[in-house]
Amino acid sequence: MDDIVRQAMAKWPNVPDCFGWLGLDARGQWFLRDEAAQARGTFAQSKGDLLQHEKLLAFIARNYACDAQGRWFFQNGPQRVYVELEETPIVWRLQPDGQVQAHTGVCAVPDACLVDEAGRVYLAAPLGLGLVHSQDVGLAADWLEQQRWPLENVLASSLAQRFGFVRSPAQPSA
């Protein structure tokens, strides 16, 4: 987390959390969901506007984390912005040199590979469960043939509970 974010949190400790305004899709892209996008429905129904500003994306990546309830968030200064997830909190990119990198740029060493009923490929790592980017599934298949990770078949509906993440954090009731 950025020092400036820590300082802002200390200076303004009681800023209310934000829900519904930020989404992460299955390709590791961030979307801003303004009131109009939220009014049109869930993240799956109305993603909102694709964020493309490189410095903003880097700032989000550096300040992306998970709380004790499995809700992923972006710490935007003193305000915690909870993230709507299309699939998983992480989207993995497989690198030709053998590295596995999260959509945030963090490298990890996965310990298992999972495939769901629709053929989607996931990697489990200490950082968390992530979907393998659709462009990297061929490389994942090659690495599975090399027995790089153990393979397990799973139901997509079981992943959030099993790996402790929340796809759509709800604002707590007053």
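The values are calculated or read from the model by the stated rules, or taken from the named source; none is laboratory data. Source: prediction; values computed, not measured. Cβ: placed from backbone, ideal geometry, glycine included. Neighbour counts: every protein chain shown.
Per-structure values
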| read-out | value |
| --- | --- |
| Condition met for LEU51 (of a type in the set (A, V, I, L, M, F, W, C) and closer than 17 Å to GLU87 by Cα) | no |
| Residue match in the range 15-34 (condition: assigned to a helix (DSSP H, G or I), out of contact with any Leu (no Cβ under 9 Å at 6 or more places or on another chain) and of a type in the set (D, E, K, R)) | no |
| Scope the range 1-14; condition outside any helix (DSSP H, G or I) and touching a Pro at 6+ places or on another chain (Cβ under 9 Å); matching residues | TRP12, PRO13, ASN14 |
| Residue within the range 79-94 that is of a type in the set (Asp, Glu), out of contact with any strand residue (DSSP E or B) (no Cβ under 6 Å at 6 or more places or on another chain) and crowded, with 16+ Cβ neighbours inside 10 Å present | yes |
| Flag for ARG71 being touching a strand residue (DSSP E or B) at 6+ places or on another chain (Cβ under 7 Å) and either of a type outside the set (Val, Ile, Thr) or within 28 Å of ARG120 (Cα to Cα) (or both) | yes |
| Condition check for GLU35: closer than 26 Å to ALA140 by Cα, among the charged types (D, E, K, R) and out of contact with any helix residue (DSSP H, G or I) (no Cβ under 8 Å at 6 or more places or on another chain) | no |
| Filter pass, ALA140 being exposed (fewer than 12 other Cβ atoms within 10 Å of the Cβ) and hydrophobic (A, V, I, L, M, F, W, C) | no |
| Lone unmet requirement of (1) without any contact (Cβ under 8 Å) to a residue 40 or more places away in the chain; (2) touching a helix residue (DSSP H, G or I) at 6+ places or on another chain (Cβ under 9 Å); (3) not acidic (Asp, Glu) for ASN153 | (2) |
| Enumerated strands (runs of 3 or more DSSP E) restricted to the range 67-174, each holding at least 1 residues that are within 15 Å of the chain's Cα centre (by Cα) and modelled with pLDDT of 95 or more | 72-76, 79-85, 90-94, 100-102, 121-125, 128-132 |
| Checklist (1) more than 14 Å from the chain's Cα centre (by Cα); (2) surrounded by 12 or more Cβ atoms within 10 Å (Cβ to Cβ) applied to ILE60, failing item | (1) |
| Subset of the range 1-47 that is closer than 24 Å to GLN135 by Cα and among the aliphatic types (A, V, I, L, M) - its residue that is nearest to the chain's Cα centre (by Cα) | LEU24 |
| Candidates ASP116, ASP67, ASP136, ASP111, filtered to the one that is within 30 Å of ALA10 (Cα to Cα) and touching a Phe, Trp or Tyr at 6+ places or on another chain (Cβ under 9 Å) | ASP67 |
| Complete set of residues in the range 22-41 that are more than 25 Å from ARG93 (Cα to Cα) and surrounded by 15 or more Cβ atoms within 10 Å (Cβ to Cβ) | ALA37, GLN38 |
